[in-house]
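Readers should treat all values here as calculations from the given coordinates under stated rules, not as data from a laboratory. Computed from a predicted structure; not experimentally measured. Positions of Cβ are generated from backbone atoms using ideal geometry, with glycine treated the same way; all protein chains shown enter the neighbour counts.
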Amino acid sequence: MTGKTAIVTGAGTGVGKAISRALLADGFKVALFGRRRDVLEAAAAELDADGACTLALPTDIADAKAVQDAFEAVFARWGRVDLLVNNAGVNAPLVPLEETTPEQWHNVVNSNLTGAFFCTQSAFRIMKAQKPGGGRIINNGSISATTPRPWSSPYAATKHAITGLTKATALDGRPFSIACGQIDIGNAGTDMTTTISRGVLQADGSTAAEPTIDADHIARAVSYMASLPLDANVLTMTVMATQMPFVGRG
């Protein structure tokens, strides 16, 4: 991987930070995108003390111009974009569907779907034009891309849409050696999932604690997907806590 460059969104904490760490270990230079400058800069300093292989770029990915500017900054720094990991995402409060506010809906859609689309657009522009051309995009789909939790309509809708974006990107990228795949994550242990280990609403109306897994397992899977030559692609992969109530009717 030496000499390759990557962009990871939502890179300051949790899964995104773990992915950034793994990619740096693989020899990538990594641009960390996120909303909070202090969090990004702290993550970059922790992962790459001398700053030679990281670039912290506070970016509102729901703003198309801000995304384009950030991608251009990465290209100006390193001359390529070989990998984009669309990881950033938020959830809305878990409430009955009819109680979700318009503001909550739009916040989730803008972060989880619109932001991923804008980043994909900017990646395409660079990957098609750079020499040699091509690159890879990996989307964080979540297992909510196939199976929702109760009271999670905004999140589930955007993650189902990410599957469509992944397939459309893989198709449109074929002529340009741009591969696109999706990793569906089940219960990675991060600040975003602390409520899961304490107890979360189940489909039968009960509340139950669920197991989680270390985010490093997700990072290793992304590292493998990123390691493939561009004539090979993992279209979908699910990495989940073995005992979580996902498979079957539980």
Exercise. Any idea how far apart residue 25 and residue 201 come out in nm if each label point goes 7 Å out from Cα toward Cβ?
Worked result: 3.8
For this session: Output ³J(HN,Hα) for the range 136-147: one whole-Hz value per residue in order, computed from phi by the Karplus curve 6.51 cos²θ - 1.76 cosθ + 1.60 with θ = phi - 60°, and x for Gly and Pro.
Result: 9, 10, 10, 9, 7, x, 6, 5, 5, 6, 10, 9
Problem set entry | Selection from 33, 221, 137, by position along the positive dipole direction of the chain (Cβ) | 137
For this session: Post the alpha-carbon centroid distance, the range 79-153 to the range 1-53, in whole angstrom.
Result: 18
Problem set entry | Around residue 127: net Lys/Arg minus Asp/Glu count, Cβ-Cβ under 10 Å | +3
Exercise. Which parts of the range 6-25 would a label at residue 228 reach, counting a residue when its backbone N lies under 18 Å from a point 7 Å out along Cα-to-Cβ?
Worked result: 23
For this session: Specify the residue with the greatest mean-square fluctuation among 17, 159, 128, computed from a Gaussian network of the chain linking alpha-carbon atoms under 10 Å apart.
Result: 128
For this session: Using θ = phi - 60° and the Karplus relation 6.51 cos²θ - 1.76 cosθ + 1.60, list the HN-Hα couplings for the range 79-94 in order, rounded to whole Hz, with x at every Gly or Pro.
Result: x, 7, 10, 8, 8, 10, 10, 7, 10, 4, x, 9, 10, 9, x, 7
Problem set entry | Whole-Hz ³J(HN,Hα) from phi, Karplus 6.51 cos²θ - 1.76 cosθ + 1.60, for the range 6-22, glycine and proline x | 9, 10, 10, 8, x, 8, x, 9, x, 4, x, 5, 4, 5, 4, 4, 5
